[in-house]
Amino acid sequence: VDGQALETGVRNAINTFITGCKADGNWNAIKSSCILMGARTLSAALTPLRGPAPTPYNFVSTDYNRKLGLGAQGGNTTKYIDTNRNNNLDPQNSKHQSCYLSSAGGSSPNFQAYISGLSTNGTGTEIVRSGSTPTNNFFAANSAPSTVSGSGGSAGFYGVSRQSDTLQTARVGGLNYNQEVASVGTPSASTLLFMRPPASSNVGFAQATISFFSAGEYVDLQLLDARVTALSNAISAAIP
């Protein structure tokens with residue numbers, strides 16, 4: 001199955017995404033990324049768009065849907081992906097993470113990490129959902145986490161990006177939120193999907209379906225959101 005050609009629409013969507021990110025000036029800043037949809041198998045979906053090949057833990061083929069992405073639903077406590085890229089490889093004041101959720105999952109447990117590179121002292125880079133009421137999202141880019149209240153629970157693009165020592169931008173629900181939070185160096189931590197690194201506090205496994213992730217240096221989140229959303233829609237439409 002891996003050897004079969006992808007549908008023309010899927011190939012075109014990926015090519016359009018790459019050329020679009022280059023035109024936007026975001027491509028070189030993306031150091032680690034996978035398109036976790038469109039491919040015919042889970043192993044093929046884990047082929048990196050940029051950066052090292054990620055390592056999956058405890059996922060099975062039925063967790064993967066070509067139109068929706070890779071899912072960890074229903075009380076996930078074991079499934080996660082190690083992107084094999086350390087949070088400390090990017091500059092202190094030029095950092096981003098993003099992901100696209102086809103489903104944001106349930107509201108319990110608390111601290112569901114969609115993507116996280118958080119160190120033992122509670123700093124790093126991550127996007128985490130809190131299942132408290134109202135449901136919030138925490139964003140960090142080489143910093144302590146900062147909250148966007150009431151923003152959790154929806155599908156779509158999530159991102160955090162830093163381009164100065166005092167300001168980071170979070171993006172969720174199609175909106176940017178400027179957060180005045182100081183950078184604190186480049187904490188060493190594995191960048192994971194679906195969970196916080198085991199050494200960090202409040203380890204929480206996400207119940208979500210993720211179809212894209214990226215990590216690296218500063219990007220324009222509004223432009224990346226538009227490209228990733230178009231990519232997701234085009235791939236889904238191209239698959240019978």
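For segment 168-183, the set of residues classified as of a type in the set (A, V, I, L, M, F, W, C), surrounded by fewer than 17 Cβ atoms within 10 Å (Cβ to Cβ) and part of a strand (DSSP E or B) consists of Leu175 only. In a residue-by-residue description of segment 25-37, the property of being farther than 15 Å from Phe213 by Cα, at pLDDT 95 or above, in contact with a Leu (Cβ under 7 Å, 6 or more places away or on another chain) and of a type outside the set (Lys, Arg) applies to no position. Checking each residue in segment 196-231 for being within 18 Å of Ile30 (Cβ to Cβ) and open to solvent by less than 10 Å² (accessible area, probe 1.4 Å) picks out Ile210, Ser211, Phe212, Phe213, Ser214, Ala215, Gly216, Val219, Leu221, Leu224, Val228, Leu231.
Within segment 184-195, track down each residue that is open to solvent by less than 20 Å² (accessible area, probe 1.4 Å) and touching an Asp or Glu at 6+ places or on another chain (Cβ under 7 Å). Walk me through it before giving the result.
If we filter segment 184-195 for residues that are open to solvent by less than 20 Å² (accessible area, probe 1.4 Å), which is where we start, we get 185, 187, 189, 191-195.
Of everything in segment 184-195, just one residue is open to solvent by less than 20 Å² (accessible area, probe 1.4 Å) and touching an Asp or Glu at 6+ places or on another chain (Cβ under 7 Å), namely Leu192.
Tell me, yes or no, whether segment 231-239 has at least one residue that is under 16 Å from the mean Cα position of the chain (by Cα), outside any strand (DSSP E or B), over 15 Å from Phe157 (Cα atoms) and modelled with pLDDT of 95 or more.
Residues of segment 231-239 that are under 16 Å from the mean Cα position of the chain (by Cα), as a first pass: 231-232.
Within this subset, residues satisfying the condition of being outside any strand (DSSP E or B) are 231-232.
The next check asks that each one be over 15 Å from Phe157 (Cα atoms); those that pass are none.
Scanning segment 231-239, I find no residue that is under 16 Å from the mean Cα position of the chain (by Cα), outside any strand (DSSP E or B), over 15 Å from Phe157 (Cα atoms) and modelled with pLDDT of 95 or more, so the answer is no.
Taking segment 187-212 as the range and being in a loop (DSSP other than H, G, I, E, B), touching a Leu at 6+ places or on another chain (Cβ under 8 Å) and within 21 Å of Ser94 (Cα to Cα) as the test, the residues that pass are Pro187, Ala189. Scanning segment 125-138 for any residue that is in a strand (DSSP E or B), open to solvent by less than 20 Å² (accessible area, probe 1.4 Å) and farther than 21 Å from Thr209 by Cα turns up nothing.
The values are calculated or read from the model by the stated rules, or taken from the named source; none is laboratory data. None of these values were measured; they are calculated from a predicted model. Here Cβ is always computed from backbone atoms with ideal geometry, including for glycine, and neighbour counts include all displayed protein chains. Calculation scope for accessible area: heavy atoms of the full protein, side chains included, ligands and nucleic acids excluded. Shrake-Rupley method; radii C 1.70, N 1.55, O 1.52, S 1.80 Å.
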